[in-house]
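Participant: Starting off with a structure, shown below.
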Amino acid sequence: MQIFRARAPVRFCDLGGWTDTRLVPSGAVLNFTAILYTHVTLQVGAFSGITIESFDTREQAHIRDIRQVEYNNVLDLFKAAIKRSGIKRGVRITVSSDAPPGSGLGSSAALGVATMGALARYLQWHVLPYEVARESQALEVEELGLECGVQDQLASAYGGVNFMEVTYPHARVLPLALDIPTQCELEDRFVLVYTGRSHFSSEMHQKVIAEYEAGHNRQHFVRLAECAMRGKEALLSQDLDAFAEAMNENWAAQKALHPDITTPDIEALYEKTTAAGAVGFKANGAGGGGTVTILSQRNRDHQVRQAVEELGMTVLPSKLDFSGLRVWECS
């Protein structure tokens, strides 16, 4: 039996999110990846068909004939990956994730990137991170018919801190080499919060698209792209006060896209953590629940974390990942 393993990090604190979608002719995104990974194991052997299992959701699917695969909201992203890879049988795939489901951290993108990375290694496809990301995004859009931007897959494939110039569905990825003081300050002052309420980004995409196609809120997409550019300049000039301002402006523009992007829980979190020492705040991904990134004042992160816990919410690890997709074969 051959065993291939892969892991890919999730994305957080995405300034300029929404401008990486089909709605916008050109956009800009700045994002980070955290040491929260989606883990995929691909076993190849004398199996009768194809078995897929999630340790997180405890779901399982067995496919006897890939030509008759059914997309039924049970591990569909894996099914799409297997279908596009051309594998017919003899495969078992298992997955687990460090991030909560529906967290707004792009965990489905990380899953797609890790799965396609493992399959590419087994099939001996020689692919670059950009190609893995593009193929993973196509699984959601072309195979499953979901609304999906491009930043999440690119972040998971590359890792680190990246500025992206987007002309959907393509993007130019520009990694930011942070100086050590800026990186350490960010890691000490970031507080990544899971609100406890899952969300599903494709549904939120549909709401925002309906508003956009009705001619509403288009100016806010311009503001979002400007926030990404301001955030990039702030990081490169080691100005975290300016970066916090870009986060806050991004959150204001993000909320203006649709009322459901914020929730009473998120608003309560904003009020309590601002009083405790937060200076930057934004929901991750599409919003509507999931997770929030907070930037605290220096040496106030412990008070912000305490405020989060008093609300019954969970603080997740926010140390930065710089490895991106990693794939290896086990002996």
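Participant: Across the range 130-144, in residue order, what do the Karplus-derived ³J(HN,Hα) couplings come to in whole Hz, using 6.51 cos²θ - 1.76 cosθ + 1.60 with θ = phi - 60° and x for Gly and Pro?
Facilitator: So the J values, rounded to whole Hz, are 4, 5, 4, 5, 4, 5, 5, 5, 5, 4, 6, 7, 7, 7, 9.
Participant: Let me ask something else about it. Per-residue ellipticity at 222 nm for the chain, helices alone: DSSP H runs ≥ 4 residues times -39500 (n - 2.57), over residue total, nearest 500 deg cm²/dmol?
Facilitator: Values: 10 runs with 126 residues, N = 331.
Taking each H run of at least 4 residues, the total per residue is -12000 deg cm²/dmol.
Participant: If you place +1 on the Cβ of every Lys and Arg, -1 on the Cβ of every Asp and Glu, and leave all else neutral, what size is the dipole of the range 257-331 about its Cα centre, to the nearest 20 Debye?
Facilitator: Numbers: 7 positive and 9 negative charges, 67 e Å.
Dipole about the Cα centre, nearest 20: 320 debye.
Participant: Let's see if you can work this out: charge +1 on each Lys and Arg Cβ, -1 on each Asp and Glu Cβ, no other charges. What is the dipole magnitude of the chain about its Cα centre, in debye to the nearest 20?
Facilitator: For this selection, approximately 940 debye.
Participant: Using the Kirkwood formula over every pair of different C-alpha atoms, what hydrodynamic radius in Å results for the range 126-183?
Facilitator: Numbers: mean 1/r = 0.0814 Å⁻¹.
Value: 12.3 Å, from the Cα pair sum.
Participant: Still on this structure: Accessible area of the range 55-168 with a 1.4 Å probe: how many percent of it is carbon plus sulfur?
Facilitator: 45
Participant: Order of 28-39, 315-326 by packing, highest average Cβ count within 10 Å first?
Facilitator: Values: 28-39: 25.3, 315-326: 18.4.
Going from most to least packed, we get 28-39, 315-326.
Participant: Work out how far the C-alpha atoms of the range 32-162 reach from end to end along every principal axis, then list the three figures in whole Å, largest first.
Facilitator: Extents along the principal axes: 42, 32, 26 Å.
Participant: Next question, about the same structure. Could you pull the Rg and Dmax for the range 270-316, using just the Cα atoms, both in Å?
Facilitator: Taking only Cα atoms of the range 270-316, I get Rg and Dmax of 10.1, 30 Å.
Participant: Treating each Cα of the range 221-260 as an identical point scatterer and ignoring solvent, apply the Debye formula and state log10 I(q)/I(0) at q = 0.32 Å⁻¹.
Facilitator: Debye output, listed in q order: -0.99.
Participant: More than 32 angstrom separation, counting every C-alpha pair in the chain; what % is that? Provide the component values of the computation, followed by the final result.
Facilitator: Working: 14567 of 54615 pairs.
Of all Cα-Cα pairs in the chain, 27 percent lie more than 32 Å apart.
Participant: Compare the peptides 92-105, 148-161 by average per-residue count of other Cβ atoms within 10 angstrom and give them in order, highest first. Please report the intermediate quantities before stating the final value.
Facilitator: On the way: 92-105: 21.9, 148-161: 28.6.
In decreasing order of mean packing, 92-105, 148-161 become 148-161, 92-105.
Participant: Report Rg(Cα)/(2.2 N^0.38 Å) for the range 212-331, keeping two decimals. Spell out each step's value before the answer.
Facilitator: Details: Rg = 16.5 Å, N = 120, 2.2 N^0.38 = 13.6 Å.
Relative to the 2.2 N^0.38 Å estimate, the range 212-331 comes out at 1.21.
Participant: Rank 117, 50, 100 by how far each Cα sits towards the positive end of the charge dipole of the range 47-140 (+1 on Lys, Arg Cβ; -1 on Asp, Glu Cβ) and give me just the farthest.
Facilitator: Ranked along the dipole, the leading option is 50.
Participant: State the dimensionless ratio Rg/Rh of the range 63-129 (Rg: radius of gyration of Cα atoms; Rh: Kirkwood radius).
Facilitator: Numbers: Rg = 12.7 Å, Rh = 13.1 Å.
Using only Cα positions, Rg/Rh for the range 63-129 is 0.97.
Participant: Also, quick follow-up: Report Rg(Cα)/(2.2 N^0.38 Å) for the range 289-331, keeping two decimals.
Facilitator: Details: Rg = 15.7 Å, N = 43, 2.2 N^0.38 = 9.2 Å.
Taking the Cα Rg and dividing by 2.2 N^0.38 Å, one obtains 1.71.
Participant: Next up: Can you tell me the order of 10-18, 46-54 when each peptide is scored by its average per-residue count of other Cβ atoms within 10 angstrom, highest first? Provide the component values of the computation, followed by the final result.
Facilitator: Working: 10-18: 29.7, 46-54: 15.8.
Peptide ranking by packing, descending: 10-18, 46-54.
Participant: Next question, about the same structure. Express the carbon and sulfur contribution to the solvent-accessible surface of the range 213-331 as a percent, rounded to the nearest whole number, probe 1.4 angstrom. Provide the component values of the computation, followed by the final result.
Facilitator: Numbers: 2510 of 5320 Å².
Carbon with sulfur: 47 percent of the solvent-accessible area.
Participant: Please state the charge dipole magnitude for the range 1-130, taken about the Cα centre, from unit charges on C-beta atoms (+1 on K and R, -1 on D and E), reported in debye and rounded to the nearest 20. Intermediate results must be reported in sequence, preceding the final value.
Facilitator: Working: 14 positive and 9 negative charges, 107 e Å.
Rounded to the nearest 20 debye, it is 520 debye.
Participant: Rg to Rh for the range 1-103: what is it, with Cα atoms only and Rh by Kirkwood?
Facilitator: Numbers: Rg = 16.5 Å, Rh = 15.7 Å.
That ratio is 1.05, to two decimals.
The values are calculated or read from the model by the stated rules, or taken from the named source; none is laboratory data. The structure presented is a predicted model; accordingly, all values stated were derived computationally and were not measured. Note: ideal-geometry Cβ built from the backbone for every residue, glycine included; neighbour counts use all protein chains shown. Ligands, DNA and RNA are excluded from the accessible area calculation, which covers all protein heavy atoms including side chains. Shrake-Rupley method; radii C 1.70, N 1.55, O 1.52, S 1.80 Å.
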